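Inspection log for the structure reproduced underneath, given as structure tokens.
The values are calculated or read from the model by the stated rules, or taken from the named source; none is laboratory data. The structure presented is a predicted model; accordingly, all values stated were derived computationally and were not measured. Ideal geometry is used to build each Cβ from the backbone, glycine not excepted, and the neighbour counts take in all protein chains shown. With ligands, DNA and RNA removed, areas are computed over all heavy atoms of the protein, side chains included. Shrake-Rupley method; radii C 1.70, N 1.55, O 1.52, S 1.80 Å.
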Amino acid sequence: DAGVIQSPRHEVTEMGQEVTLRCKPISGHDYLFWYRQTMMRGLELLIYFNNNVPIDDSGMPEDRFSAKMPNASFSTLKIQPSEPRDSAVYFCASSLVGPNTEAFFGQGTRLTVV
Amino acid sequence: TQLLEQSPQFLSIQEGENLTVYCNSSSVFSSLQWYRQEPGEGPVLLVTVVTGGEVKKLKRLTFQFGDARKDSSLHITAAQPGDTGLYLCAASDSNYQLIWGAGTKLIIKP
């Protein structure tokens, strides 16, 4: 298996623009997670899905952030409008059994909002 | 709020030295995981500990879960440059979700 695949690897955008991050989880994994990592706050869980259904979105910072999972092999995280404080590395991860079991991470998307 | 505190935050040592990093909390956890993250990559699981007092070894890395399941340590023997990375601990909370420590950034100098 190719592992969790994220795109793009790097994204530079201007403040106010819409940004869409993409993720393909490992086939057969029922759980998908979106994380954000910064030096100041470390690794933060934004939202997670079970069988394509959002279960906990309490980590989503504000209404500018939204996530979807239209099918078992694809998820998006959208920021609209983007702000400089959204600059971070965004990781997608998937797990086979549950939200507290081994998480397999993608390589991340480094987002810079200028 | 359940928190995981990792110490030290940063450690830089010479190749061949031994080191220990810690993951502490005032809460009891059902399990605890250790991950290593290399620059430009996502975290990768090293080990999961479940039983209080459990010790697991992975080559030169020794992981221990505290008897009360509130803390854990990672000991590296004869550190090598390839051990360089960010070491993260993550524990399963009462809602069966992972909470994450802030990590220990380890640099091994040749």
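Of the conditions (1) within 14 Å of chain A (Cβ to nearest Cβ); (2) surrounded by fewer than 17 Cβ atoms within 10 Å (Cβ to Cβ), B:LYS109 satisfies every one except a single condition; which number is it?
Result: B:LYS109 passes all but (1).
How about region A:21-34: which of its residues are free of Cβ contacts under 8 Å to residues at least 60 places away in the same chain and open to solvent by less than 40 Å² (accessible area, probe 1.4 Å)?
Correct list: A:TRP34 only.
Among the residues of region B:49-87, write down those that are among the β-branched types (Val, Ile, Thr) and either open to solvent by less than 10 Å² (accessible area, probe 1.4 Å) or modelled with pLDDT of 95 or more (or both).
Within region B:49-87, B:VAL49, B:VAL55, B:THR62, B:ILE76, B:THR77, B:THR84 meet the criteria.
Tell me, yes or no, whether region B:9-27 has at least one residue that is open to solvent by less than 20 Å² (accessible area, probe 1.4 Å), within 12 Å of chain A (Cβ to nearest Cβ) and either more than 29 Å from A:LEU96 (Cβ to Cβ) or at pLDDT below 95 (or both).
Looking for residues that are open to solvent by less than 20 Å² (accessible area, probe 1.4 Å), within 12 Å of chain A (Cβ to nearest Cβ) and either more than 29 Å from A:LEU96 (Cβ to Cβ) or at pLDDT below 95 (or both), one finds none in region B:9-27, hence no.
How many residues are within 14 Å of chain A (Cβ to nearest Cβ) and not acidic (Asp, Glu) if we restrict to region B:70-106? Reasoning before the result, please.
Of region B:70-106, the ones within 14 Å of chain A (Cβ to nearest Cβ) are B:85-105.
Still in the running and not acidic (Asp, Glu): B:85-92, B:94-105.
Count: 20.
Considering only region A:1-20, how many residues are open to solvent by less than 40 Å² (accessible area, probe 1.4 Å) and of a type outside the set (A, V, I, L, M)? If you could, list the steps in order and put the result at the bottom.
Step one: of region A:1-20, the residues open to solvent by less than 40 Å² (accessible area, probe 1.4 Å) are A:3-4, A:6, A:8, A:13, A:16, A:19-20.
Retained after the next criterion (residues that are of a type outside the set (A, V, I, L, M)): A:3, A:6, A:8, A:13, A:16, A:20.
Final tally of qualifying residues: 6.
If you check A:SER94 against the conditions, is it over 21 Å from B:GLN33 (Cα atoms) and in a strand (DSSP E or B)?
no
If a residue must be surrounded by fewer than 19 Cβ atoms within 10 Å (Cβ to Cβ) and either among the hydrophobic types (A, V, I, L, M, F, W, C) or away from chain B (no Cβ under 11 Å) (or both), how many such residues does region A:35-53 contain?
Residues in region A:35-53 being surrounded by fewer than 19 Cβ atoms within 10 Å (Cβ to Cβ) and either among the hydrophobic types (A, V, I, L, M, F, W, C) or away from chain B (no Cβ under 11 Å) (or both): 6 in total.
Any chance you could count how many residues in region A:63-114 are within 12 Å of another protein chain (Cβ to nearest Cβ) and open to solvent by less than 50 Å² (accessible area, probe 1.4 Å)?
16
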